[in-house]
Amino acid sequence: MNIHFLQHVPFEGLASIRGWIEGGGHKVTCTRLYAGDGFPRPDDVDFLIVMGGPMGVYDVDDYPWLTSEKAFIRAAIDAGTRVLGICLGAQLIADVMGGRVYPNGQKEIGWFPLTRTADAEGSALGRLLPAEFMAYHWHGDTFDLPPGAVHLAQSAVCRHQAYAIGERILGLQFHLETTPESARELIEHGGDELVDGPTIQTPEAMLADTARFAGLNRLMFALLEGLAAA
């Protein structure tokens, strides 16, 4: 497959997803929005991955390229491309598909549990999620589900954590791609967000057990396989 990913900041790359791409022998290309890269033709992309970033979908004045990025994501969806959105990526997909994106009541940064919804049973992608699982989070915004989306997962302080639109579009508010190395980069570049709060962990807590990142990555690979098979 021809896989293309959209990267918003240098420190939020593919992380473990690159291993899945290389293991499958897929071709991968990238648009670095922060560097002014252009976009490929939507019909040249089999699988689009939209990564995270510290900006919001509404920060168009500060990041004018968000406008062209949204247009490209919509064009890829209209072309029937498989699309995975992670954190900001999930918010961008929700936005272009008619959902509202706005600040959540509180930030989630660190390891917090998620629960699969009852509606997830009706989704091929949703059934790949465990009934309960721990994930790595770093987000302050949330979104309303876009029309036609199936709600897949929720946490105690953020209801809309994952959704699917058909079998080819998946939005994840949380990070399953994260490795110990990419978590350290997030901590280094997002340290100003690590203030005292009930759902904001310290760097020490986030990195205390690096072995659990492997579980995240296994679930990420399962969802990537599910999208690839669609």
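The values are calculated or read from the model by the stated rules, or taken from the named source; none is laboratory data. Computed from a predicted structure; not experimentally measured. Here the Cβ is made from the backbone with ideal geometry for all residues, glycine too, and neighbour counts use every protein chain on show.
Of note:
- Applying the criterion of being of a type in the set (D, E, K, R) and surrounded by fewer than 18 Cβ atoms within 10 Å (Cβ to Cβ) to the residues of the range 88-120, the residue that is farthest from the chain's Cα centre (by Cα) is 119.
- Count of residues meeting criterion [more than 14 Å from residue 86 (Cα to Cα) and assigned to a loop (DSSP other than H, G, I, E, B)] in the range 172-190: 2
- Residue match in the range 19-29 (condition: touching a strand residue (DSSP E or B) at 6+ places or on another chain (Cβ under 9 Å), part of a loop (DSSP other than H, G, I, E, B) and closer than 11 Å to residue 5 by Cα): no
- Only a single criterion out of (1) closer than 20 Å to residue 54 by Cβ; (2) surrounded by 15 or more Cβ atoms within 10 Å (Cβ to Cβ); (3) of a type outside the set (S, T, N, Q) is not satisfied by residue 213, namely (1).
- Given (1) modelled with pLDDT under 95; (2) assigned to a strand (DSSP E or B), number of the condition residue 84 does not satisfy: (1)
So that you can scan it fast, the table gives a plain yes or no per residue for (1) touching a helix residue (DSSP H, G or I) at 6+ places or on another chain (Cβ under 8 Å); (2) surrounded by 22 or more Cβ atoms within 10 Å (Cβ to Cβ):
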| site | (1), (2) |
| --- | --- |
| 43 | no, no |
| 46 | no, no |
| 50 | yes, yes |
| 56 | yes, no |
| 59 | yes, no |
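- Within the range 144-171, being surrounded by fewer than 24 Cβ atoms within 10 Å (Cβ to Cβ) and either at pLDDT below 95 or part of a strand (DSSP E or B) (or both) holds for 150, 151, 154, 165.
Results for (1) of a type outside the set (A, V, I, L, M, F, W, C); (2) without any contact (Cβ under 8 Å) to a residue 60 or more places away in the chain; (3) over 14 Å from residue 177 (Cβ atoms), shown as yes or no for each residue.
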{"residue": "5", "(1), (2), (3)": "no, yes, no"}
{"residue": "25", "(1), (2), (3)": "yes, yes, yes"}
{"residue": "32", "(1), (2), (3)": "yes, yes, yes"}
{"residue": "41", "(1), (2), (3)": "yes, yes, yes"}
{"residue": "44", "(1), (2), (3)": "yes, yes, yes"}
{"residue": "49", "(1), (2), (3)": "no, yes, no"}
{"residue": "53", "(1), (2), (3)": "yes, yes, no"}
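- Selection of the range 87-114 for residues being assigned to a loop (DSSP other than H, G, I, E, B) and either touching a strand residue (DSSP E or B) at 6+ places or on another chain (Cβ under 9 Å) or under 28 Å from residue 183 (Cα atoms) (or both) yields 87, 97, 99, 100.
- Cβ-Cβ contacts under 8 Å between residues 6 or more apart (or on different chains), taken from a first residue in the range 215-230 that is farther than 15 Å from residue 86 by Cβ and assigned to a helix (DSSP H, G or I) to a second residue that is of a type in the set (Lys, Arg) and modelled with pLDDT of 95 or more, are listed as 228/82.
- Residue check for residue 59: charged (D, E, K, R) and without any contact (Cβ under 8 Å) to a residue 24 or more places away in the chain: yes
- The residue that is surrounded by the fewest Cβ atoms within 10 Å (Cβ to Cβ), among those in the range 174-197 that are within 21 Å of residue 160 (Cβ to Cβ) and at pLDDT 95 or above, is 193.
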